[in-house]
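Report on one structure; see the data block that follows.
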Amino acid sequence: MSEVLVITSGKGGVGKTTTCANIGTGLAKMGYKVCMIDTDIGLRNLDVVMGLENRIVYNLVDVVEGNCRVKQALIRDKRHSSLYLMPCAQTRDKSSVNPEQMVKLIRHLRDIFDFILLDCPAGIEQGFQNAVAGADRAIVVTTPEVSAVRDADRIIGLLEAREFDKIELVINRMRNDMVKRGDMMSATDVMDILSVPLLGVVPDDENVVISTNQGEPLVGTNTPAGKAYQNISDRVSGKDVPLTMELGQISFWTKISGIFHKK
Amino acid sequence: MWRNIKVKNIFKRKSSKEIAKDRLKILLISDRVNCSAETLEMIKHDIAKVISKYMKIDANSMEIQISKTGSREKGNLNPVLNANIPILDMNK
């Protein structure tokens, strides 16, 4: 029943790694066996977001090149015993791994884990091709900005061409105060444009920076982003969590602002 | 100077969110039309060949491009192939 998800966005800096770390931790808290693979060779970051940067010995490139066994490269999380991270090489480039090798590695990991999360690099080149090769589902992360939505649309087009089982959207850094003023696209607006089912909306929350500083994902904590990531993790695991928290509030305000901004 | 500012315009001003949405809708259509320059050149060549059977045209100054029509409000903008073919003589 193991599921392989790729977390991607096209544009850099929208929160792929943060989203990956939080969904992974969220699923592990529910008791699932989870493996997160950082595929951003040369610019790895998932290890620092998870606070595991001091434990790296072997990495993804060592595994595909046969320098170590798969299990030697898997780092067990500090807090959750069912959560593992496979870091990637920092001193190599994206061409060190090819899609066939990724497919082979993931096939091996499917026997061990319930969920495999692939943290995709920005861009649509080799690194993206590697990350999407072995995945069944995709989570596209975007922010309510023109540039990020444009890149998300491009990525969705590429994923659709590869016939993914599921493509879902996470909208990150939403600011409800700006949406109320009519100065930021709401979740509904972004969904209208991209026409992909919504997995969740993460509010712009300074606690995300604090949690990254500490190397501890904030999923499940009593913070706006922590609650949003908890909902997202629940939905990924298959629980039916209604989108009322994400959309109910926003659509009310878009209605109000719509009265003032009628063309 | 003050006469030019109408009260109506203050209320008609678009929010930046609306501007972002409108820009994205246009932008994504051209992004989604995945048509390479070579393909367009081949289409252009073939169109010129067909039309030349019936009338004399200026194939060198002929232009083709993909644009979008439809109503932006309803969100059904469709890509359209436009060909601009100067006719030199209606009767060949």
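The values are calculated or read from the model by the stated rules, or taken from the named source; none is laboratory data. As the structure is a prediction and not an experimental result, all values here were calculated from the model. No Cβ is skipped: glycine too gets one built from the backbone with ideal geometry, and neighbour counts run over all protein chains shown. Ligands, DNA and RNA are stripped out before the accessible areas are found, and what is left, the full protein with its side chains, is counted by its heavy atoms. Shrake-Rupley method; radii C 1.70, N 1.55, O 1.52, S 1.80 Å.
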Rounded to the nearest 0.05, what FRET efficiency is calculated for B:Asp22 and A:Val70 with R0 set to 51 Å and r the Cβ-Cβ distance? 0.55
Amide H within-cut-off set for A:Val141, under 5 Å, with H built and near neighbours excluded: A:Thr8, A:Ser9, A:Val170
With angles folded into 0 to 90 degrees, how steeply does helix A:99-110 sit against the dominant principal axis of chain A? Use alpha carbons for both and round to 10. 90
Set of aspartates and glutamates with alpha-carbon distance to A:Lys78 below 13 Å, sequence-local pairs under 8 removed: A:Asp47, A:Glu53, A:Glu216
Sort A:His80, A:His108 from largest to smallest accessible area, using a 1.4 Å probe on the heavy atoms of the protein chains. A:His108, A:His80
About its Cα centre, chain A carries a charge dipole, from +1 on Lys and Arg Cβ atoms and -1 on Asp and Glu Cβ atoms, whose size in debye to the nearest 20 is 300
Where the Cα pairs of chain A fall when distances are cut into 10 Å bins, in %: 7, 32, 36, 18, 5, 1, 0
Separation of alpha-carbon centers, region B:39-58 and region A:145-203, rounded to whole Å: 42
At 1.4 Å probe size, with no ligands or nucleic acids counted, give the accessible surface of A:Met245 in Å², nearest ten. 90
Accessible-area order for A:Leu194, A:Leu43, largest to smallest, probe 1.4 angstrom, reads A:Leu43, A:Leu194
Using 23 Å as the Cα-Cα cut-off, could you pick out the over-long pairs in A:Lys29/A:Lys180; A:Lys11/B:Lys25; A:Lys29/A:Lys227; A:Lys71/A:Lys104? A:Lys29/A:Lys180
In degrees between 0 and 90, to the nearest 10, how far off the longest principal axis of chain A does helix A:224-236 point, with axes built from Cα atoms? 60
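In what order, largest first, do A:Leu218, A:Leu158 sit by accessible area if the probe radius is 1.4 Å?
Ranking A:Leu218, A:Leu158 by accessible area, largest first, yields A:Leu158, A:Leu218.
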Leaving out ligands, DNA and RNA but keeping every protein chain, what accessible area does A:Asp47 have, in Å² rounded to the nearest 10, with a 1.4 Å probe? 10
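Please compute the Kirkwood hydrodynamic radius of region A:1-156 from all pairs of different C-alpha atoms, in Å with one decimal. Mind dumping the intermediate values first?
Numbers: mean 1/r = 0.0655 Å⁻¹.
One decimal place: 15.3 Å for the Kirkwood radius.
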